[in-house]
Amino acid sequence: MRDVAIIGCGMTKFGELWKKSIRDIFVEAGLKAIDDAGVENIDSMYVGSMTSGLFVEQEHISAIMADYLGIAGIPAVRIESACASGGLALRQGFIEVTSGMNDIVLVGGVEKMTDGADATYALASAADQEYEVYNGITFPGLYAMIARAHMHRYGTTRKQLALVAVKNHKNGASNPNAQFQRETTIDGVINATMVADPLTLMDCSPVSDGAACVILCPLDQAKKYTDTPVKILASCAATDNIALHQRDDVTILKAVKLSGESAFKQAGISPGDIDVAEVHDCFTIAEICAIEDLGFVAKGKGGEFTEKGETALDGKIPINTSGGLKSKGHPVGATGIAQVIEIVEQLRGNAGKRQVKNAKVGLTQNMGGSGASSVVHIFRVV
Amino acid sequence: MPSPRYWREIPQRYRLEANKCKKCGKIFFPPRLICCECRGQAFEKIRLSDEGKIITFTVIRVAPQQFATQTPYVVAIVETKDEVRLTTQVADCKPEDVEIGKKVRLVFRKIQEEGKTGILCYGYKAVLV
Amino acid sequence: MVGIIGYGSYVPRYRIKAEEIAKQWGMDPDAIKRGLLLKEKTVPGIDEDTITISVEAGKNALKRAEIDPQEIGAVYIGSESHPYAVKPSGTVVAEALGIVPEVHIADYEFACKAGTEAMFVCYSQVKAEVIKYGLAIGADTSQGAPGDALEYSASAGGSAFIFGKEKVVAEIVETYSYTTDTPDFWRREGAFYPRHSGRFTGEPAYFKHVIGAGKGILEKTGLKPDDFAYAVFHMPNGKFPLTAGKKLGFTKEQLEPGWIVPLMGNTYSGSSPTGFSATLDVAKQGELILLVSFGSGAGSDAFVFKVTDRIDEVRDKAIKVKELLENDRIYLNYGQYAKFREKIIMNE
């Protein structure tokens, strides 16, 4: 096993990119990453996308993206694991480089969600189609059921959920790539249109277009391309029951817990060693569950921890400095890679106003569906 | 809802048919081919109780097109007397009447239809008792 | 002895009051309530139809019959609102109740008497020993055109009856049918709402057939109105059954338990069967019950039932019609009603 580093990043702005097609945005992000890394050739590529078929009626996008990036001829593979497609694509890229099979691997994620498809319907295909979706549940609905159970069990409050969105919007306000570069308030979240009780529109990540790419290479070659390579310390994934109702405890995201535990083991560090983390806040409650199940705070204490400001930029463990999925936007297939880019920028010291002081070790956690798949990466700047 | 996919699930959706692992007794709804507790592959067919309680719930206010005319509607995770959980709508209720722990009964209802000329799709919904 | 071994009903929880409909069309609500003797009617939920109503009524009948559903040899459903034009409601109902696959299934349609038609055939099949048990259901989510007099009455619900030779609750003493070609009410293939010929639906249609069948069965059995504890006549509105009963020599008291129309409305194929089910809920051993249906087109089926001692054993095993009609009602305004009944033109 060789050590693997990230040597280049590129992403589009996230948002409603009316003038750009799925090809345009992927190529834009890909070219930026290639340029950032300064590589001339790409040996292999992975593309994460949840459901380009339902969103733009285009499958086979690994070949299309290689073609339009002008690198057709290389092997290219699409990876799908719902909203964790990007994160799991990175894991495949990592495996290919660490194994010695190839040296320069481009890993990207993309989703074009605003081309007119019924997004609620398309996203719901990440749940159990026959036994959840058939009966009328939606993704906000699934997380709302988690939120209701979490509030009932641990006393998590409506205000604590809102504070996740307030914090993430504050971070996103200084991220030039974010879909919503504006702050919000507790009242702004609580009084927004109800989507699935108790979650309002402002508890939910938006429907977005966007793409993000990174370039991987063996760590021992990384210095050829960059002064600040970021080493991948761990790349671990896990799964859980697809249907929320089949889990013994709906408030525990077991796949997050398992992927986190193996990642900390692989990296040889503990949650307390993480300086900055991007977690999958597709809904406010998801961030609370994620920080608990990753071990940053005890189970049931995530709301209180957030309320105390421990997840803010100057808190104990800054979470979602990019603005998270909530404010930065959530083009589902691209999210896992965009999280990695935020951590790389933090570790390189390039995060501007969002910079976490002395950030050396960072973590990303990306999940699919209501948590049936999760992937955790840990990084250290070299 | 394409007809074969709908048709295949009829025993579960109409009659709450589940399977019970002959080795460890765990019940699966819908039935599975392998027990995820003990890896057993021998099962007996059972029908779930139509009585249960609400574990958690939400009120769907933004729905996919298929359910758009029904909003707001309640969806809950219900645990039947056999301690099996399923996701189901709670019909004929005001959202404010639904609470975690409340008792429900599963009834037979139309769940969705395949447009104005396609097949009608039935299944279970809960009602408060 | 051949007769009913289990019976059960189902009525949706939703209601609309006669005055709410009258208000919509600028009509005088008191005139409607006085003229038709209707207070409110049942409305199916957005997720209810003849099939779901039949399943719930069937479950209640099975609770009282206490038999293995697999032994039921026929499922007949009478309705004029079968959800499919082609594909029997009975297939879904039999599947849901666990009766398939060794079962004969047919849907019946004869305006408001399709329910008793199903009962008639089930009874004959059991009597002929072609089947051990038969399930007959009359159910409807009745249609009435907006603004039409039918809109005040057309309602939803149904009742199910299991026929057999053992464990009989109500023995069938006699049957009689009376049918002619009378175009009083119809719905052409593809039309959404039924049409009717106004006052022609009264004398030459409803009364001729109901009274014809009533007289016919009394003659055939040699029974007199005062031999009966109860009588149930089809209920297109509150007035017609009372008038028909009076003309045949029955008192209002004999009609009372089955006269459910003021709270239920006219549940078409489910109307007289549900009136009969409500009557069984209060009947005692040895009592005779007359049931006369009416279906436009037109015809009437008449039955004489004799209640057995088993009634006391089964009565409380399922919910009663009075409880279905009076418990947990949810009232709709006209807008909600129009949405529930899909009277609003939506985009595809």
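The values are calculated or read from the model by the stated rules, or taken from the named source; none is laboratory data. Please read these numbers as outputs of a predicted model, since none were measured by experiment. Using ideal geometry, Cβ is built from the backbone for each residue, glycine included, and neighbour counts are taken over all protein chains shown. We work out accessible area using only protein heavy atoms, side chains counted, and drop any ligands, DNA or RNA first. Shrake-Rupley method; radii C 1.70, N 1.55, O 1.52, S 1.80 Å.
What are the residue pairs meeting all of these: first residue in segment A:25-42, first residue not assigned by TED's automatic domain parsing to the domain that holds A:ILE337 and modelled with pLDDT of 95 or more, second residue open to solvent by less than 50 Å² (accessible area, probe 1.4 Å) and part of a helix (DSSP H, G or I), Cβ atoms under 6 Å, and 6 or more apart or on different chains?
A:PHE26/A:MET65
Considering segment A:248-267 alone, what residues qualify as being open to solvent by less than 10 Å² (accessible area, probe 1.4 Å) and within 14 Å of chain B (Cβ to nearest Cβ)?
First, pick out the residues of segment A:248-267 that are open to solvent by less than 10 Å² (accessible area, probe 1.4 Å): A:250-251, A:253, A:255-256, A:259-260, A:263.
Result: A:VAL250, A:THR251.
How many residues, within segment A:347-359, are within 16 Å of A:LYS316 (Cα to Cα) and touching a strand residue (DSSP E or B) at 6+ places or on another chain (Cβ under 6 Å)? Walk me through how you get there before you give the answer.
As a first pass, look at segment A:347-359 and keep what is within 16 Å of A:LYS316 (Cα to Cα): A:354-359.
If we keep only those that are touching a strand residue (DSSP E or B) at 6+ places or on another chain (Cβ under 6 Å) too, we end up with A:356, A:359.
Residues that pass the stated criteria total 2.
In segment C:251-291, what residues are open to solvent by 10 Å² or more (accessible area, probe 1.4 Å), assigned to a loop (DSSP other than H, G, I, E, B) and of a type outside the set (Ser, Thr, Tyr)?
Scanning segment C:251-291 gives C:TRP259, C:ILE260, C:ASP281, C:VAL282, C:LYS284, C:GLN285, C:GLY286, C:GLU287.
Does A:SER270 qualify as being surrounded by fewer than 17 Cβ atoms within 10 Å (Cβ to Cβ) and either over 22 Å from A:SER373 (Cβ atoms) or among the hydrophobic types (A, V, I, L, M, F, W, C) (or both)?
Against the criterion (surrounded by fewer than 17 Cβ atoms within 10 Å (Cβ to Cβ) and either over 22 Å from A:SER373 (Cβ atoms) or among the hydrophobic types (A, V, I, L, M, F, W, C) (or both)), A:SER270 qualifies.
Is one or more of the residues making up segment C:186-200 in a loop (DSSP other than H, G, I, E, B), exposed (fewer than 14 other Cβ atoms within 10 Å of the Cβ) and in contact with a strand residue (DSSP E or B) (Cβ under 9 Å, 6 or more places away or on another chain)?
Pass one, segment C:186-200, residues in a loop (DSSP other than H, G, I, E, B): C:187-194, C:197.
Checking which are exposed (fewer than 14 other Cβ atoms within 10 Å of the Cβ) leaves us with C:188-192.
Right, trim to in contact with a strand residue (DSSP E or B) (Cβ under 9 Å, 6 or more places away or on another chain) and you get C:188.
Looking for residues that are in a loop (DSSP other than H, G, I, E, B), exposed (fewer than 14 other Cβ atoms within 10 Å of the Cβ) and in contact with a strand residue (DSSP E or B) (Cβ under 9 Å, 6 or more places away or on another chain), one finds at least one in segment C:186-200, hence yes.
From the list C:LYS63, C:LYS87, exactly one residue is within 14 Å of chain B (Cβ to nearest Cβ), on the phi > 0 side of the Ramachandran plot and basic (Lys, Arg). Which is it?
After applying the criteria, what remains is C:LYS87.
Which residues, counting only those in segment A:105-126, are of a type outside the set (Val, Ile, Thr), open to solvent by 30 Å² or more (accessible area, probe 1.4 Å) and under 20 Å from the mean Cα position of the chain (by Cα)?
A:LEU123, A:SER125
Quick one: which strands (runs of 3 or more DSSP E) sit completely within segment B:10-129 and have at least 3 residues that are facing chain A (nearest Cβ under 9 Å), modelled with pLDDT of 95 or more and open to solvent by less than 50 Å² (accessible area, probe 1.4 Å)?
Fully inside segment B:10-129 and qualifying: B:51-60, B:73-80, B:85-90, B:120-128.
Please list, ordered by residue number, the helices (runs of 4 or more DSSP H) wholly in segment A:1-101 having 2 or more residues that are under 17 Å from the mean Cα position of the chain (by Cα). Don't jump to the end; show me each part of the working.
Details: elements: A:22-37, A:52-56, A:61-68, A:85-98.
Hits in segment A:1-101: A:22-37, A:85-98.
Quick one: is C:ILE137 more than 14 Å from every other protein chain (Cβ to nearest Cβ), under 29 Å from C:ILE217 (Cβ atoms) and among the β-branched types (Val, Ile, Thr)? Before you say what the answer is, go through the steps one by one.
Working: more than 14 Å from every other protein chain (Cβ to nearest Cβ): no; under 29 Å from C:ILE217 (Cβ atoms): yes; among the β-branched types (Val, Ile, Thr): yes.
So C:ILE137 does not fit the description; no.
Condition check ((1) open to solvent by less than 30 Å² (accessible area, probe 1.4 Å); (2) closer than 27 Å to C:ILE53 by Cα) across all residues:
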| site | (1), (2) |
| --- | --- |
| C:GLU151 | yes, yes |
| C:GLY157 | yes, yes |
| C:TYR178 | no, no |
| C:ALA205 | yes, no |
| C:VAL232 | yes, yes |
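Could you tell me which residue of segment C:1-34 is least open to solvent (accessible area, probe 1.4 Å), considering only residues that are in contact (Cβ under 8 Å) with a residue 12 or more places away in the chain, over 17 Å from C:TYR337 (Cβ atoms) and assigned to a loop (DSSP other than H, G, I, E, B)?
Ranking the qualifying residues of segment C:1-34, first place goes to C:VAL2.
List the residue pairs whose Cβ atoms are under 6 Å apart, where the first residue sits in segment A:267-289 and is in contact (Cβ under 8 Å) with a residue 60 or more places away in the chain, the second is assigned to a strand (DSSP E or B) and open to solvent by 20 Å² or more (accessible area, probe 1.4 Å), and the two are 6 or more positions apart or on different chains.
Within 6 Å, the pairs are A:ALA267/A:LEU233.
Among all residue pairs at least 6 apart or on different chains, which show Cβ distances below 6 Å where the first residue, located in segment C:219-232, is within 12 Å of C:LEU288 (Cβ to Cβ) and the second is assigned to a loop (DSSP other than H, G, I, E, B)?
C:PRO225/C:GLY249; C:PRO225/C:PHE250; C:ALA229/C:GLU287; C:ALA231/C:PHE250
List the helices (runs of 4 or more DSSP H) inside segment A:127-214, counting only whole elements, that have at least 2 residues being touching a residue at least 40 places away in the same chain (Cβ under 8 Å) and open to solvent by 10 Å² or more (accessible area, probe 1.4 Å).
So the answer is A:139-154, A:158-172.
C:LYS322 fails exactly one of the following numbered conditions: (1) in a loop (DSSP other than H, G, I, E, B); (2) within 27 Å of C:ARG34 (Cβ to Cβ). What is the number of that condition?
For C:LYS322, the failing item is (1).
For C:TYR334, work out the one condition from (1) open to solvent by 10 Å² or more (accessible area, probe 1.4 Å); (2) in the same structural domain as C:THR251 (by TED's automatic domain parsing) it doesn't fulfil.
For C:TYR334, the failing item is (2).
Can you tell me which of (1) at pLDDT 95 or above; (2) surrounded by fewer than 21 Cβ atoms within 10 Å (Cβ to Cβ); (3) among the polar types (S, T, N, Q); (4) under 20 Å from C:GLY147 (Cα atoms) is the one C:THR243 doesn't meet?
(4)
Do we have B:PRO4 as at the interface with another protein chain (Cβ under 9 Å from one of its Cβ atoms) and either in a helix (DSSP H, G or I) or of a type in the set (A, V, I, L, M, F, W, C) (or both) here?
So B:PRO4 fails the test.
Quick check on this structure: which one of A:ASP281, A:ASP275 is in contact with a Lys or Arg (Cβ under 7 Å, 6 or more places away or on another chain), open to solvent by less than 30 Å² (accessible area, probe 1.4 Å) and of a type outside the set (Ser, Thr, Tyr)?
From the options A:ASP281, A:ASP275, the qualifying one is A:ASP281.
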